[in-house]
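Chemist: What follows is a single structure, and I will ask about it in a moment.
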Amino acid sequence: MSKERSGSRMSRRRDLKNNYWRQKVGRYRVLIVEDQSMPRQLFELLVGGTGRYEVAASIDNAAVADIYCVRHNIDLVLMDVVTKNGNSGLDAAERIKKQSPGTRVIIVTSMPEYSYIRRAREIGVDSFWYKESDREPIIRIMDLTMAGESVFPDATPDILVGKASSHAFSNREYEVLRELITGRTNTEIGEKLHISAETVKKHIQHMLEITGFRSRTELAVRVRELGLVICDSGTGEP
């Protein structure tokens with residue numbers, strides 16, 4: 001059974017180089033799924049330079065990731081959440097884990113969308129890594145993941161939203177925000193979340209007070225720009 005350890009509380013309990021890697025003959029075959037060319041090339045250089053891994057394939061669209069896993073006998077997938085044409089890395093990860101349970105999957109993202117970590121856990125993703133804010137290098141996360149450990153951050157990155165920390169919002173307020181950015185009215189949001197329109201109004205008013213924004217539109221635009229809530233298939237929300 002794999003042991004999950006926090007991204008911010010990791011402590012080395014064994015020398016992976018001397019203990020684990022000598023048990024593996026050859027190099028692990030890695031699939032990189034990243035739609036932006038510069039990060040994809042960086043991953044290719046990092047992976048190829050370790051001596052423990054090889055880049056079996058590097059693609060920009062998660063829609064075909066599961067097919068590549070089968071065709072190229074992939075051991076480990078490094079995959080962004082949102083890829084070419086908006087195709088979801090989380091949806092692809094779910095297909096891969098059902099099709100090839102032994103293939104390890106690490107989700108990598110720069111988006112702080114609050115639901116990504118939750119869904120990654122639910123579908124069986126092995127590890128999760130934030131591109132800009134994670135203190136642990138991606139190769140370290142890969143090593144731990146292939147050694148049977150599951151590495152997830154304690155929380156989403158803390159981002160300033162107006163005058164407030166993104167961690168100041170409750171889960172319910174994030175649910176309201178997700179509906180707010182679609183342009184729904186308080187009544188429509190309430191129906192979707194099974195709460196009253198008055199309760200929706202109170203949540204929005206509280207968020208306006210702590211952020212200092214003057215209108216719900218300003219609040220909606222800003223949280224969308226920051227990537228705190230995103231309406232796409234990667235969230236697993238309708």
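All of the numbers you see were taken from the coordinates with simple rules; none came from a lab. Please read these numbers as outputs of a predicted model, since none were measured by experiment. Here the Cβ positions follow ideal geometry from the backbone for every residue, glycine too, while neighbour counts run over all protein chains shown.
Chemist: With +1 on each Lys and Arg Cβ and -1 on each Asp and Glu Cβ, and nothing else charged, work out how big the dipole of region 160-235 is about its Cα centre, in Debye to the nearest 20.
Modeler: Roughly 160 debye, rounded to the nearest 20.
Chemist: Further question on the same structure: So what's the Cα pair-distance distribution over the chain, bin width 5 Å, in %?
Modeler: Taking every Cα pair in the chain, the percentages come to 1, 6, 14, 16, 17, 14, 11, 8, 6, 4, 2, 1, 0.
Chemist: Where Lys and Arg each count +1 and Asp and Glu each count -1, what net charge lies around Met38 among other residues with Cβ under 14 Å from its Cβ?
Modeler: -4
Chemist: Among Ile106, Pro157, Val229, flag the residue with its Cα farthest along the positive direction of the charge dipole of the chain, charges on Cβ as +1 for Lys/Arg and -1 for Asp/Glu.
Modeler: It is Ile106.
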